[in-house]
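*Asks:* The structure that follows is given in the form of structure tokens.
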Amino acid sequence: MTYKAIKIRRGKEESLKRFHPWVFSGAIDSYDETIEEGDLVTVYTHDGKLIGNGHFQIGSIAVRVLAFDDSEINEEFFLQRLQHAFNVRKSLDLMRDDNNAFRLVHGEGDFLPGLVVDIYGATAVMQAHSPGMHFARNLIASALTKLPCGIVKNVYYKSETTLPFKAQLDPQNQYIIGSYETDEAVENGLKFHVDWLKGQKTGFFVDQRENRSLLEKYSHDRRVLNMFCYTGGFSFYAMRGGAKLVHSVDSSAKAIKLTNDNVELNYPGDSRHTAYAEDAFKFLDNIKKDEYDLIILDPPAFAKHKSALKNALIGYRKLNAKAFEKIQSGGILFTFSCSQAVNREQFRLAVFSAAAMSHRKVRILHQLTQPADHPINIYHPEGEYLKGLVLYVE
């Protein structure tokens with residue numbers, strides 16, 4: 001296997017010496033002129049010392065380093081990394097009769113930058129976020145089927161929307177191994193349909209599993225509003241928690257159908273739940289004050305890039321201000337940001353500003369983040385993306 005050489009500018013290798021897995025294009029001094037999108041490369045310091053091997057791509061992040069040594073990037077390499085990721089999930093007790101949905105690979109957090117793998121029963125849904133991982137998809141799929149207990153029988157590749165547009169790879173969403181069996185999965189004893197064929201991301205947001213469990217504990221005898229409900233995860237946890245009523249809101253009619261299907265799967269015929277296909281901001285404007293005493297705000301990413309940061313923070317402030325205005329005294333607000341470009345302090349400041357605008361007394365009960373199957377590489381703090389607050393509002 002041929003690895004093409006990339007040399008780093010003098011003084012630009014410090015972050016790599018601290019095992020940060022990204023090489024930015026501005027740090028490159030020289031490279032093999034035959035290099036192409038997705039090629040395997042070996043990265044060297046300016047004076048020729050080996051840093052590691054990785055995948056090249058055109059763009060701001062020019063190399064994603066997979067190994068800080070001279071390891072061969074082959075099927076055995078991927079199998080070893082997947083085995084380590086599997087061992088972590090096994091230690092977290094995520095593979096149980098009442099739970100078969102979790103994230104197996106979380107990119108840099110599992111030392112496989114550019115790769116995401118979510119497990120739903122016997123199906124692994126794989127997403128490539130780099131051309132290199134796209135080209136390695138068959139090796140990775142083969143390695144997935146070799147994990148212990150035959151945990152993976154089907155591998156669905158879903159990267160049409162996650163690969164860089166400039167790469168012009170024209171990926172096709174398809175089964176690499178196996179085929180469709182069922183779209184049902186189980187999370188903490190609750191069943192749900194997963195639309196990995198057409199749904200957002202890999203089909204379900206497994207990163208909110210523990211936060212949904214926390215919400216369940218607060219739901220008893222409350223009137224719950226689940227904004228940006230998508231597939232209704234928070235809604236059916238609230239119902240199991242004993243909520244008086246649960247209203248689910250999403251602008252997508254398809255998401256509302258999936259929410260209703262999931263509620264019916266767990267609580268058939270339960271009249272406590274109603275779903276609305278409406279714009280979230282308009283819905284909040286039109287509801288009466290004190291109509292709900294538990295509100296969940298879990299919007300899609302308002303800022304996918306730093307350039308959108310200012311507008312994103314304005315959006316979070318406006319959204320939370322509306323919730324503070326309408327929630328009943330003694331109510332609980334679960335509010336989240338999944339924007340990687342928005343850090344924890346910026347999100348908190350946006351929510352704090354919204355609270356001040358509302359002139360309500362607000363206490364922080366919990367500060368939330370992503371679960372352990374979405375680990376953060378200690379050398380790559382950018383891997384922390386999910387921020388959440390649970391607030392008591394007087």
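*Asks:* Measuring with a 1.4 Å probe in the full set of protein chains, what accessible area per residue, in whole Å², belongs to the chain?
*Replies:* 45 Å²
*Asks:* Which of rounded, prolate or oblate describes region 305-391 when judged by the alpha-carbon gyration tensor and an a/c cut-off of 1.5?
*Replies:* Oblate shape, in that a/c is at least 1.5 and b/c is the bigger or equal ratio.
*Asks:* Going from most exposed to least, what order do Lys282, Lys244 have by accessible area with a 1.4 Å probe?
*Replies:* Listed by decreasing accessible area, they come as Lys282, Lys244.
*Asks:* If you take every DSSP beta bridge whose two residues both sit in region 154-260, what share of them, in percent to the nearest 5, is antiparallel?
*Replies:* In region 154-260, approximately 60 percent of DSSP beta bridges are antiparallel ones.
*Asks:* Using a Gaussian network model on the chain with a 10 Å cutoff between Cα atoms, which of Gly242, Gly315, Gly11 fluctuates the most?
*Replies:* Maximum among the listed residues: Gly11.
*Asks:* Between Leu50 and Lys244, with labels modelled 7 Å along Cα→Cβ, what's the label distance in nm to one decimal, could you check?
*Replies:* It works out to 6.7 nm between the two label points.
*Asks:* Quick one, which of [x] 61, 56, 42; [y] 66, 46, 36; [z] 78, 45, 39 is the actual Cα extents along the principal axes in Å calculated for this model?
*Replies:* Read-out taken from this structure: [y].
*Asks:* Here's something else I'd like to know. Got a sec to turn the phi values of region 13-30 into Karplus ³J(HN,Hα) couplings, 6.51 cos²θ - 1.76 cosθ + 1.60 with θ = phi - 60°, whole Hz, x for Gly and Pro?
*Replies:* 9, 4, 5, 5, 5, 9, 6, 6, x, 10, 10, 7, 4, x, 8, 7, 8, 7
*Asks:* Follow-up question, since we're still on this one. Of the residues Leu82, Leu265, Leu92, which exhibits the maximal mean-square fluctuation in a Gaussian network model of the chain defined by a 10 Å Cα contact cut-off?
*Replies:* Leu92
*Asks:* Quick check: at a probe of 1.4 Å, how many percent of the accessible area of region 138-276 sits on carbon and sulfur atoms?
*Replies:* Result for region 138-276: 50 percent of the exposed heavy-atom area is carbon or sulfur.
*Asks:* Rank Ile73, Ile58 by accessible area, highest first, at a 1.4 Å probe radius?
*Replies:* From most accessible down to least: Ile58, Ile73.
*Asks:* Here is a further query. Using the Cβ atoms and a cut-off under 13 Å, what net charge is assigned to the surroundings of Lys12, where Lys and Arg are +1 and Asp and Glu are -1?
*Replies:* +1
*Asks:* Looking only at region 324-340, which residues have a backbone nitrogen under 17 Å from a spot 7 Å from the Cα of Leu349 in the C-beta direction?
*Replies:* Those under the cut-off are 337, 339-340.
*Asks:* Please count, across region 9-160, the pairs of lysine residues with Cα atoms under 20 Å apart that sit 8 or more places apart or on different chains.
*Replies:* Close lysine pairs under the 20 Å cut-off: 4.
*Asks:* On to the next question. Among the DSSP beta bridges whose two residues both lie in the chain, what percent are antiparallel, rounded to the nearest 5?
*Replies:* Taking every DSSP beta bridge with both residues in the chain, the antiparallel ones total about 65 percent.
*Asks:* With θ taken as phi - 60° and the coefficients 6.51, -1.76 and 1.60, list the Karplus ³J(HN,Hα) couplings across region 36-42 in order, rounded to whole Hz; mark glycine and proline as x.
*Replies:* 10, 3, x, 5, 6, 9, 10
*Asks:* If you don't mind, there's one more thing I want to ask. If the reach is capped at under 21 angstrom between alpha carbons, list the lysines near Lys282, excluding any in the same chain fewer than eight residues apart.
*Replies:* The qualifying lysines are Lys254, Lys257, Lys318, Lys322, Lys326.
The values are calculated or read from the model by the stated rules, or taken from the named source; none is laboratory data. Computed from a predicted structure; not experimentally measured. Because the Cβ atoms are built from the backbone with ideal geometry, glycine has one as well, and the counts that use them run over all protein chains shown. SASA here: full protein model, heavy atoms, side chains in, ligands and nucleic acids out. Shrake-Rupley method; radii C 1.70, N 1.55, O 1.52, S 1.80 Å.
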